[in-house]
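One structure below.
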Number of protein chains: 2
Amino acid sequence: MATEEQLIDRIQRRFSGPSTGLRVGIGDDAAVMTPQKGTEWVVTTDAFLENVHFLRKVHPAKALGYKALARATSDIAAMGARPRYFLLALALPANCAGTWLDGFLDGLAAAARRFGLSLIGGDTTKYPSIVVNLTVIGETRRGRAVLRSGARPGDVICVSGRLGEAELGLRLVQRGLHKDRRWKQLVGKHFSPEPRLALGQWLADRRCASAMIDTSDGLSTDLGHICKASGVGAKIFAGKIPMVKVPPEVQRMGMDPLQLAIDGGEDYELSFTVPKGMAGRLPPRVGGVPVTAIGEITPGEGVVLVDARGRAKPLRPGGWEPFRRHRAHRGKLKALLD
Amino acid sequence: MATEEQLIDRIQRRFSGPSTGLRVGIGDDAAVMTPQKGTEWVVTTDAFLENVHFLRKVHPAKALGYKALARATSDIAAMGARPRYFLLALALPANCAGTWLDGFLDGLAAAARRFGLSLIGGDTTKYPSIVVNLTVIGETRRGRAVLRSGARPGDVICVSGRLGEAELGLRLVQRGLHKDRRWKQLVGKHFSPEPRLALGQWLADRRCASAMIDTSDGLSTDLGHICKASGVGAKIFAGKIPMVKVPPEVQRMGMDPLQLAIDGGEDYELSFTVPKGMAGRLPPRVGGVPVTAIGEITPGEGVVLVDARGRAKPLRPGGWEPFRRHRAHRGKLKALLD
């Protein structure tokens, strides 16, 4: 069994390399960073817990390493910031400190390279289950971070990518169908989501978005957060929402594309609002990711969904909610183990 | 059962109040901070886990809230920095979201006020055990952070406070003696350690310390970290170490003050080195905390302990080591539950 020091050395070796503005990285009591002139720092922390967010027997270690960092970095994308540094607090069973950890670090290092992140600190502990906590620090030009609170009536509501793909993947995993060749492509987003960094920065750099959030908990929940923070309402059109493509055989298992797209979490797409006058400037794709207008911000409060026949009905938050008993759909993950 | 949003509101209300340099706090995807001119940021992350670091049945929730933040902030003290912001990732069982959480937040808020910290973000999840992860951000004047790597041969080695007090408290807790009136005073440091912020800043402001670390893992381990990082050795004198006072009845239970002082963790005192020419300027107390010279930095490597008779012997790291099997003394905490 490795000592903590050997473990830290092993982790450190995977994330070496110089990093601008970093005076002291791993190996001291704390990291020391020198801010660049005219910048602001953006910081977020994210827990990724065995049997809540993932299952050791189902999710390969490498995919978990990638996803852990992608999830946390998505919050940096949602501010329109550039990822810079991260800290890893990792608690794990002794029998995971070998091969499992190697795989996890492979995925984590691949994500860090891709997102432009340097590991600058952390904490390791022995624990009966795997507990990952990531803190990610990003940078923006002063005053350019895009908040949830800036949406105004008349603004156009947009989303990136296709919604519901991660939820579909999760449900196939829950049914043990993720190893089935026919559906293998459908589970990719659940295993390897991608933070929309290029799009977030594009919007922030051009001051194009009035409000932004990532769809980590599901559109119905996350759009509600923008509305509450901005003191506005929203109207979205079912027919405009870019939805996950669900083969008929899978739809017959009870997987409805609209419901997946509206309430499904973990897509890590961006949902943002654009002042009406600027909406025309928005290209159909940014950095290869499609951008779709799905509705508009309204005065008042609450989110309304307009169906194909033009009927409007209130859309209640139906996404991921760790402390709600009646709808903890990710609770089913745990059921797989029992 | 509360929703996550209600829970976040409850947490947020406990930590309200303006904070310099904070553009966006809790409630967005990430917090946004504006660095002050001429400063550097110092950041650390720390896991605090049920059944590893504490027991729900033994440790009162309020004490845990205080200790969780004190532990993490001690790393900021060890850099000589001023605490500014923190993020709380909290996973807990549904039955802890009521009274237990109120107590925990009481302690956390008391610590935050005392240390000058504003809560700027976090994450909450339902989980079978209590998992706390704190990220603390501090500020120093540019170039003033005190690292582990600056010790030079001839430097005087100093420590704050008395060593071994927290370990004595832990051992009394392990024996169920912490409720005994006679020993109640002896367990205080285990329940409520105090990061040495005033001393750390005093040393950094005067460029008085060449290297510094907090004694979170025990002197034998932590002084070893300074030596390794600085490429030097150390000689300390048993007779000079400020030791926990252990009543004879408790000593007879097998608790040796020297061993507690050398290998006992969680004191969160500062261990630092001072260039010989500056050692005379060091007052006996800083901010009410005693400072004691216990030895000196030597060329070469390794830490040597000189006993009362002048005999020198190598001092091996014997402190807290989560991944070492043969000496996981905090593992005993768990045994209390079984």
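The numbers here are math on the coordinates, done by the rules we state, and not lab data. Note that the coordinates shown come from a computational prediction; the quantities given were computed from them, not determined experimentally. For neighbour counting, all protein chains shown are included, and Cβ atoms are generated from backbone atoms with ideal geometry for every residue, glycine included.
Each Cα pair under 8 Å and six or more residues apart adds its separation to the average, and for chain B the resulting relative contact order is 21 percent. Size of the protein assembly as shown from its Cα atoms: along the principal axes, largest to smallest, the extents are 93, 53, 43 Å. Summing +1 for each Lys or Arg and -1 for each Asp or Glu, what net charge is found among the other residues whose Cβ lies under 11 Å from the Cβ of B:V274? Computed value for this residue: +3.
How long is the gain from B:E301 to B:V58 if the chain were fully straight, where each residue apart is worth 0.36 nm and the alpha carbon distance is subtracted? Write out the running numbers ahead of the final one.
On the way: separation 243, 0.36 × 243 = 87.48 nm, distance 4.09 nm.
Gain on extension, B:E301 to B:V58, equals 83.4 nm.
Counting, for every residue in A:119-127, the Cβ atoms of other protein chains within 10 Å of its Cβ and taking the mean gives 6.
How large, in Å, is segment B:219-264 by the Kirkwood hydrodynamic radius built from its alpha-carbon pairs?
On the way: mean 1/r = 0.0835 Å⁻¹.
Value: 12.0 Å, from the Cα pair sum.
Think of chain B as a dipole: +1 on every Lys or Arg Cβ, -1 on every Asp or Glu Cβ, centred on the Cα centre; then among B:T34, B:V131, B:G169, B:G169 lies furthest on the positive end. Rg of the Cα atoms in segment A:276-319, relative to 2.2 N^0.38 Å, amounts to 1.49.
Cβ under 13 Å from A:V136's Cβ, A:V136 left aside: what net charge do those residues give with Lys, Arg +1 and Asp, Glu -1?
Values: positive: A:R71, A:R82, A:R84; negative: A:D46, A:D75, A:E139, A:D214, B:D29, B:D123.
Combined, the nearby Lys, Arg, Asp and Glu give -3.
In segment A:2-107, Rg over Rh equals 0.98, where Rg is the alpha-carbon radius of gyration and Rh the Kirkwood radius from pairwise Cα distances. Shape class for chain B, computed from the alpha carbon gyration tensor (a ≥ b ≥ c): oblate, with a/c not under 1.5 and a/b at or below b/c. Net charge dipole, chain A: roughly 960 debye, given to the nearest 20, about the Cα centre with Cβ charges of +1 for Lys and Arg and -1 for Asp and Glu.
Farthest toward the positive end of the dipole of segment A:28-85, out of A:L49, A:P83, A:Y66, is the Cα of A:Y66, where the dipole comes from beta carbon charges about the Cα centre.
Given an 8 Å cut-off on Cα distances and at least 6 residues of separation, report the relative contact order of segment B:51-175 as a percent. It would help to have the intermediate numbers written out before the result.
Working: 155 pairs, mean separation 42.9, N = 125.
Reported relative contact order: 34 percent.
Using +1 at the Cβ of each Lys and Arg and -1 at the Cβ of each Asp and Glu in the protein assembly as shown, identify which of B:G121, A:V304, A:P283 lies farthest towards the dipole's positive end. Going by the Cα projections, it comes out as A:P283. Within 10 Å of the Cβ of each residue in B:287-296, the mean number of Cβ atoms contributed by other protein chains is 0. For segment B:242-302, a crude dipole built from +1 on the beta carbon of Lys and Arg and -1 on the beta carbon of Asp and Glu, taken about the Cα centre, is about 380 debye to the nearest 20. How much net charge surrounds A:V303 when only other residues with a Cβ under 11 Å from its Cβ are counted (Lys, Arg +1; Asp, Glu -1)? Taking every Cβ under 11 Å from that of A:V303, the sum is +2. Taking Cα centre as origin and charging only the Cβ of basic (Lys, Arg, +1) and acidic (Asp, Glu, -1) residues, the dipole magnitude of segment B:1-145 rounds to 620 debye.
Averaged over residues, the count of other Cβ atoms within 10 Å places the peptides A:84-94, B:137-147 in the sequence A:84-94, B:137-147, highest first. In segment A:185-305, the ratio of gyration radius to Kirkwood radius, Rg to Rh, stands at 0.97 when only Cα atoms are counted.
Counting Cβ atoms of other protein chains within 10 Å of each residue's Cβ and taking the mean over peptide B:132-143 gives 4.
Pull up the DSSP beta bridges for the protein assembly as shown and report the antiparallel fraction as a percent, rounded to 5. Each step should come with its number before you reach the end.
Values: 94 of 124 bridges.
Roughly 75 percent of the DSSP beta bridges within the protein assembly as shown come out antiparallel.
Segment B:160-182 and segment A:246-267 have Cα centres lying 57 Å from one another. The helix-only estimate of mean residue ellipticity at 222 nm for chain A, built from DSSP H runs of length n ≥ 4 each weighted as -39500 (n - 2.57), is -8500 deg cm²/dmol after division by the residue total.
Given segment B:98-191, report the % of alpha carbon pairs whose separation exceeds 20 Å. All intermediate terms of the calculation are to be shown ahead of the outcome.
Details: 2891 of 4371 pairs.
Value for segment B:98-191 (Cα pairs over 20 Å): 66 percent.
Counted over segment B:221-308, the DSSP beta bridges are approximately 55% antiparallel.
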